[in-house]
1. Collect the residues in segment B:53-94 that are more than 15 Å from the chain's Cα centre (by Cα), of a type in the set (A, V, I, L, M, F, W, C) and open to solvent by 40 Å² or more (accessible area, probe 1.4 Å), keeping them in residue-number order.
2. Do you know which residues across segment A:200-228 are within 22 Å of residue B:76 (Cβ to Cβ), at the interface with chain B (Cβ under 10 Å from one of its Cβ atoms) and assigned to a helix (DSSP H, G or I)?
3. Scan segment A:45-64 and report the pairs whose first residue is away from chain B (no Cβ under 13 Å) and whose second residue is β-branched (Val, Ile, Thr) and not in a loop (DSSP other than H, G, I, E, B), with Cβ atoms within less than 7 Å and a gap of 6+ or a chain change.
4. So which of A:133, A:88, A:76, A:69 is of a type outside the set (Gly, Ala, Ser) and within 14 Å of chain B (Cβ to nearest Cβ)?
5. For residues that are of a type outside the set (D, E, K, R) and surrounded by 15 or more Cβ atoms within 10 Å (Cβ to Cβ), tally how many sit in segment A:157-186.
6. Could you list, ordered by first residue, the pairs with Cβ atoms under 7 Å in which the first is in segment A:236-252 and touching a residue at least 24 places away in the same chain (Cβ under 8 Å) and the second is part of a helix (DSSP H, G or I) and surrounded by 15 or more Cβ atoms within 10 Å (Cβ to Cβ), at least 6 apart or interchain?
7. Please go through segment B:81-99 and pick out each residue that is within 14 Å of chain A (Cβ to nearest Cβ) and at positive phi.
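The values are calculated or read from the model by the stated rules, or taken from the named source; none is laboratory data. Note that the structure is predicted; figures quoted are calculated from it, not measured. Cβ placement follows ideal geometry from the backbone for every residue including glycine, while neighbour counts extend to all protein chains displayed. Please note that ligands, DNA and RNA were not included when accessible areas were found on the heavy atoms of the full protein model with its side chains. Shrake-Rupley method; radii C 1.70, N 1.55, O 1.52, S 1.80 Å.
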Amino acid sequence: MFRRIVQLRNSFGNVISVCKSCPRDQYSRCLSKYSTASTERKRFYQDVSISQGDDGLYEINLDRRKLKTPGGKLFTVPNEALAIAVATEWDAQRETLKFYTMHLTTLCNTALDNPTQRSKEQMINSALKFLETDTICYRVDEPLGLVELQKNEWDPVLHWMENRYNVTIGSSSSILGPEIPQATKDTFQQHLSSYSLWSMTGLEFVITQLKSVLLSLAMVDRYLTVEQAVLLSRLEEEYQIGRWGNVEWAHDYDMYELRARTAAGALFIQLSSENLTVKRKIMQD
Amino acid sequence: MAGLASPLRVCRGILKELRAMQGPSYKQSLAYSYVMDQFRKNKVTGERYCRAQQEALHASHTYLCLLASTRNHQALHNLYHGKGERSPEEVASLVGLRLPTQPGGKGWEK
């Protein structure tokens, strides 16, 4: 219900900082790669490659120049898979650079620059705010077809999440939303603080896109695929599409955009917390 | 929830996307070698439910979704939203009129 209030229609996705001219130093002529919306940047490089610096972090090279963030910092990622994915994004650009398709690059830039200077606690708090009006807890009373659909599709995820985290989350159809007990919020807060700053950036992004903490966590825990999570998030829309028909230039467009952003966020989280999963496996053995 | 697609389908899907993105030389790209490497590494496992294998499969599924949806999104964008505004000449010709021409140019031009 509160889904469409925040629509990130900015043509450069999440790049919050407006890049003024990059600081010019003698070693690398850094161009203003992320110029304003009016001018289009042409593709100015032939090859994209990655290299590993001395500290083990990976960098992206466009021809021979190193990629920089809009804030002027050197663009570094902690692991090779993410670097390759970002390089592929840059390589996929033809003729002009379309930043709104480069979701992973945007996420890395936000994590590296942190232009609004947000701490991890602030991110966790704003993410948990979505819990009170979580999509899968917020039910309708009518039409009956939609009530049935919500019960059949959303309840299993709800129960799985409740079992997984040992919490109680109800669903309600009142306008105030469900009452979430404080213990539940504390459990989630504790769980979220185990993520690194990078993973938290990605997770907050996904939660904002899907408008649901529970769906995002279920997807990160690999219970749902990206397509399933997007479908569940857009359940009401899909129901209406089934009744009234699909409009390609609006519905499909939104769906693919949501899928792309959610997939990028999910991949970002998984690749940023690779070390975390290795630890868990050793402990389980 | 429903099980994920088989690794073969996901692998083929990713390769198709890479080929659509980069043209015939996609086999030399970084992404191709990394993806094939990961698929080969995770193919054989001793346990019946290998956690690393499931995680890799989920990650590859996510990447396939990312590639496919960015391509579709861009295609739809170009198809429906890419044209921009019409010029004044085109607007006039929509109703069958032409813009007036003034031989010496308008006063404030030049």
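1. B:91, B:94
2. Of everything in segment A:200-228, those that are within 22 Å of residue B:76 (Cβ to Cβ), at the interface with chain B (Cβ under 10 Å from one of its Cβ atoms) and assigned to a helix (DSSP H, G or I) turn out to be A:226, A:227, A:228.
3. Qualifying pairs under 7 Å: A:53/A:76; A:57/A:76; A:57/A:77; A:59/A:50; A:59/A:76; A:62/A:48.
4. Of A:133, A:88, A:76, A:69, the one residue that is of a type outside the set (Gly, Ala, Ser) and within 14 Å of chain B (Cβ to nearest Cβ) is A:88.
5. Summing the residues that are of a type outside the set (D, E, K, R) and surrounded by 15 or more Cβ atoms within 10 Å (Cβ to Cβ) in segment A:157-186 gives 12.
6. A:236/A:146; A:239/A:146; A:239/A:149
7. B:84
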